[in-house]
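The values are calculated or read from the model by the stated rules, or taken from the named source; none is laboratory data. Small disclaimer: the values here were computed from a predicted structure and weren't measured. FYI the Cβ positions are ideal-geometry reconstructions off the backbone, even for glycines, and counts take in every protein chain you see. The area values use the complete protein model at the heavy-atom level, side chains included, leaving out ligands, DNA and RNA. Shrake-Rupley method; radii C 1.70, N 1.55, O 1.52, S 1.80 Å.
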Amino acid sequence: DVKVTQSSRYLVKRTGEKVFLECVQDMDHENMFWYRQDPGLGLRLIYFSYDVKMKEKGDIPEGYSVSREKKERFSLILESASTNQTSMYLCASQDRGLAYEQYFGPGTRLTVT
Amino acid sequence: RKEVEQDPGPFNVPEGATVAFNCTYSNSASQSFFWYRQDCRKEPKLLMSVYSSGNEDGRFTAQLNRASQYISLLIRDSKLSDSATYLCVVNGDGGFKTIFGAGTRLFVKA
C-alpha cells in the first residue's frame, strides 16, 4: 500500500512565525503536491514537484515556498504565517504515469492565531 | 466559471436509494477523470476512474460525456457507509494540472 505521511495532524502557530510542514511518501513516486482545503472552496493547489529540486507554482503559491531535496520528502514552508493561512493542508504523491491517481496524506490542520 | 463544477449538496437519501451526482468541466483538453471520496476529517481517496466507455464497480457507475464535458457518478442501493463527500477530479496536461471540484456531500439515512 502507498503510504503518505505528514509531520503533524494539528498545529497551532502565531502570526509571523515560520512554519514547516513535512510530507514523506514511501512509493518512490516522482510527483508530489501540496494543497489546502477550505470549506466551499475544495482543494486548491499550492505547489507541486515532479522531481528532486524541481518545483512549480500551483494556483495559490503566495505566502508559501517548498523544498524537495530528496525524492520521498516534500516540505511546505510558510515564511511568515498569517491568519488567512489557517486551513487544512494536504500532501499527495503520484506516480508519473498514465494512472494519475493521487495518494493523500492524512492532512495537517493548521491554526494561525 | 469554475473549471470543475459539481452539484451543490447536500444530498439526503434513505438507505437503498439510487443517487446520481453530476460534474461539468470547462477544459475540453482534459485527459483523465476520477471520482474521489472523502470522509469527514479524512483525506480524499480514489473511488474510481472514469472512462469514455463508462465503467462500473459494484454499486457504483461512472460515465463520461466528452462532447458535453460532463461526468456522472451513480450509486445504487445506497448504504449508510456511503455517507461522505464525493469529489469530481479532472486532469489536464500531463497530469500536473489536476482540478478538484468542491465536492458533493451525501448523507444516507436509515
Filtered residues of the range B:24-50 (kept if without any contact (Cβ under 8 Å) to a residue 40 or more places away in the chain, surrounded by fewer than 19 Cβ atoms within 10 Å (Cβ to Cβ) and over 9 Å from the mean Cα position of the chain (by Cα)): B:ARG41, B:LYS42, B:LYS45, B:LEU46, B:SER49
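Whether any residue in the range A:13-32 is within 9 Å of chain B (Cβ to nearest Cβ) and either farther than 16 Å from A:GLY105 by Cα or not small (Gly, Ala, Ser) (or both) is what I want to check. Outline the logic, then answer.
Going residue by residue through the range A:13-32, those that are within 9 Å of chain B (Cβ to nearest Cβ) are A:31.
Narrowing the set further to residues that are either farther than 16 Å from A:GLY105 by Cα or not small (Gly, Ala, Ser) (or both) leaves A:31.
Scanning the range A:13-32, I find at least one residue that is within 9 Å of chain B (Cβ to nearest Cβ) and either farther than 16 Å from A:GLY105 by Cα or not small (Gly, Ala, Ser) (or both), so the answer is yes.
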Of everything in the range A:1-29, what is under 15 Å from A:LYS70 (Cα atoms), in a loop (DSSP other than H, G, I, E, B) and either in contact with a Phe, Trp or Tyr (Cβ under 6 Å, 6 or more places away or on another chain) or open to solvent by 70 Å² or more (accessible area, probe 1.4 Å) (or both)? Give them in sequence order. A:ASP26, A:MET27, A:ASP28
Yes or no: the range A:85-101 includes at least one residue that is touching a residue at least 60 places away in the same chain (Cβ under 8 Å) and in a loop (DSSP other than H, G, I, E, B). yes
For the range B:63-110, name all the residues that are farther than 17 Å from B:PRO14 by Cβ, more than 14 Å from chain A (Cβ to nearest Cβ) and of a type in the set (Gly, Ala, Ser). B:ALA67, B:SER68, B:SER72
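For the range B:13-23, which positions are more than 16 Å from the chain's Cα centre (by Cα) and either at the interface with another protein chain (Cβ under 10 Å from one of its Cβ atoms) or of a type outside the set (Gly, Ala, Ser) (or both)?
As a first pass, look at the range B:13-23 and keep what is more than 16 Å from the chain's Cα centre (by Cα): B:13-17.
Those that are more than 16 Å from the chain's Cα centre (by Cα) and either at the interface with another protein chain (Cβ under 10 Å from one of its Cβ atoms) or of a type outside the set (Gly, Ala, Ser) (or both): B:VAL13, B:PRO14, B:GLU15.
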Subset of the range B:52-110 [surrounded by 13 or more Cβ atoms within 10 Å (Cβ to Cβ) and hydroxyl-bearing (Ser, Thr, Tyr)]: B:THR61, B:TYR70, B:SER72, B:SER78, B:SER83, B:THR85, B:TYR86, B:THR98, B:THR104
Within the range A:71-86, considering residues that are open to solvent by 10 Å² or more (accessible area, probe 1.4 Å) and under 12 Å from the mean Cα position of the chain (by Cα), the one farthest from the other protein chains (Cβ to nearest Cβ): A:ILE77
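Go through the range A:96-113 and report how many residues are under 30 Å from A:ASP28 (Cβ atoms) and surrounded by 18 or more Cβ atoms within 10 Å (Cβ to Cβ). Lay out the reasoning, then the answer.
Residues of the range A:96-113 under 30 Å from A:ASP28 (Cβ atoms): A:96-110.
Imposing the further condition that a residue be surrounded by 18 or more Cβ atoms within 10 Å (Cβ to Cβ) reduces the set to A:100-105, A:107-108, A:110.
Counting residues in the range A:96-113 that are under 30 Å from A:ASP28 (Cβ atoms) and surrounded by 18 or more Cβ atoms within 10 Å (Cβ to Cβ) gives 9.
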